[in-house]
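First up is the structure itself, then whatever we jot down about it.
The values are calculated or read from the model by the stated rules, or taken from the named source; none is laboratory data. As the structure is a computational prediction, the values presented were derived from the model and not from experiment. Cβ coordinates were reconstructed from backbone atoms using ideal geometry, including for glycine residues, and neighbour counts include every protein chain displayed. Ligands, DNA and RNA are stripped out before the accessible areas are found, and what is left, the full protein with its side chains, is counted by its heavy atoms. Shrake-Rupley method; radii C 1.70, N 1.55, O 1.52, S 1.80 Å.
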Amino acid sequence: MRYYSTRNRNEPYGFASAVVRGLAPDGGLFVPEEIPHFRPSAAASLDKMTFQDIAYETIRPFVTDEIPDAVLTGIVESAFTFDAPLKPVGSRFMLELFHGPTAAFKDFGARFMARAFAYFRRNESRPLKILVATSGDTGGAVAGGFYQVEGISVTVLYPKGRVTPLQERQIAGLGGNIDAIAVEGSFDDCQRLVKTALGDTELNKQLSLSSANSINIARLVPQAVYYAAAAGALKSRRAAAPFVFCVPSGNLGNLTAGIYASKMGAPIDLFIAASNDNKTFPEYLAGENYTPRDSIATISNAMDVGAPSNFERLSSHWSADELRRMILGASINDDDTKAAIETVYRQYDYILDPHSAVGWQAVTRLCEKGVLKDGGGAYTVLSTAHPAKFAHVVEPLTGAVKPPPCLEEAMKKTAHSITIPAEYGAFKAVLR
Ligand SMILES: *Cc1c(COP(=O)(O)O)cnc(C)c1O
């Protein structure tokens, strides 16, 4: 498979170089030249295969010639050591993507990317240092994904005092090949330090530096896997068509992966992009021009994105008309998100995290508007995080939320980080 920048169709890249570069030299995002199809035998048996077999079948065509089949099998087996169960809640389904080590769906992408990186670097003698700036959540998933992966170390920068105690422990409690730096400044300062280091020619002569940001193609492709597996699970339950997948969305990476899965041949009829008050994409789907803007803070903060980076990828594959046929949009404010958490808990004894609640409420909204018919199909909402990660929002509405073992473990850890001022000189001194 060849990859191109969204901004230049003339220069092809292989999967490995697209992964290691992250972003194309012209600032575009890497996209596959075409979306492959499942082998007919695989497409016909998504309802019977194991998650890992579906992972292998989904990812294989994206990496042919660059990851041998036996290596891919090993990567998939060590990356996806947890399940993505489909739970009926009322007449709908929740696709629980929070059973990985950091209790959020980003584990799927981060763990695959880490192993792909390690494989592509196998013949390099110099260890690779991955730099990540985080406002909280991504840092934990990337740190967890790369933890104990050979030949790679990770340095996570986070704004001191501005992440939750749990997030700080997920970032700075692992140790080993994961270093944490608390920056006396904002997330933007962290991002600036990382960008400056990546562009510092002198430093790059001494160290092999890379980044692991959310637009990496190696984070996107593995996310297509759980859509194919869930569509297979709906088939094996003989759920009523249409199969509608509602995706709580921020940067639109998860949604893009879902569309890849459906184009590959997973039986999915329609997508819903559910946003919080950051409604750039729902407004576009409703017919307005695409107008990126500053983000607004909400209780579903992993979706506080006013300029979704994967929009460029989506629109390089599909026209506005095509996107509007495939995806319905809805935007849900904080009050309605909280009301959904409360209602679903009362009616079904099921606890949603704020991001998943935005998804649930988007389905409700579209049913109220008459766009969808409640119970008129298999409506599947992606549950992107465990509610215990957002206990400060959820517990006042539902009472105590029992944390999963991985979060209990994380809370027992001690955070070890170095504090630096938000100055490049200080950061460079630490890196050396
Ligand atoms: C990252 C994240 C999202 C948004 O996913 P995108 O791929 O950026 O659209 C939703 N929910 C949670 C919990 C997240 O961490």
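So the values come out like this:
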item	result
Å² of accessible area per residue within region 272-373, as computed with a 1.4 Å probe and no ligands counted	44 Å²
Where region 111-189 is the region considered: accessible area per residue in Å², 1.4 Å probe	37 Å²
Contact order normalised by residue count of the chain, Cα under 8 Å, 6+ apart, percent	19 percent
Förster radius 25 Å - calculated FRET efficiency between H37 and Y290, Cβ distance, rounded to 0.05	0.30
Inter-part distance where region 108-122 and region 231-246 are each reduced to a Cα centre, Å	31 Å
Near-label residues of region 357-389 by backbone N, under 11 Å of a point 7 Å along Cα→Cβ of R237	378-381
Percent accessible area from carbon and sulfur atoms, the chain, protein chains only, probe 1.4 Å	48 percent
Value in Å of the Kirkwood radius, where the chain supplies the Cα pairs that are averaged	21.9 Å
Most mobile listed residue (A273, A55, A233) in the chain, GNM with C-alpha springs under 10 Å	A233
Karplus-derived HN-Hα couplings along region 115-120 (A = 6.51, B = -1.76, C = 1.60, θ = phi - 60°), whole Hz, x at Gly and Pro	6, 5, 3, 4, 5, 5
Relative contact order computed over region 1-138 (Cα-Cα under 8 Å; 6+ residues apart), in percent	17 percent
Gap separating the Cα centres of region 184-229 and region 125-161, nearest whole Å	9 Å
Paramagnetic label zone (point 7 Å from Cα along Cα-to-C-beta, I418; backbone N under 18 Å) in region 173-190	173-185, 190
Full-stretch length increase - T343, K87 - with 0.36 nm per residue and alpha-carbon distance subtracted	90.4 nm
D269-D26 pseudo-label distance in nm [points 7 Å out on the Cα-to-Cβ vector]	4.0 nm
Spacing of the two label points (7 Å from each Cα toward its C-beta) at V371 and R432, in nm	5.5 nm
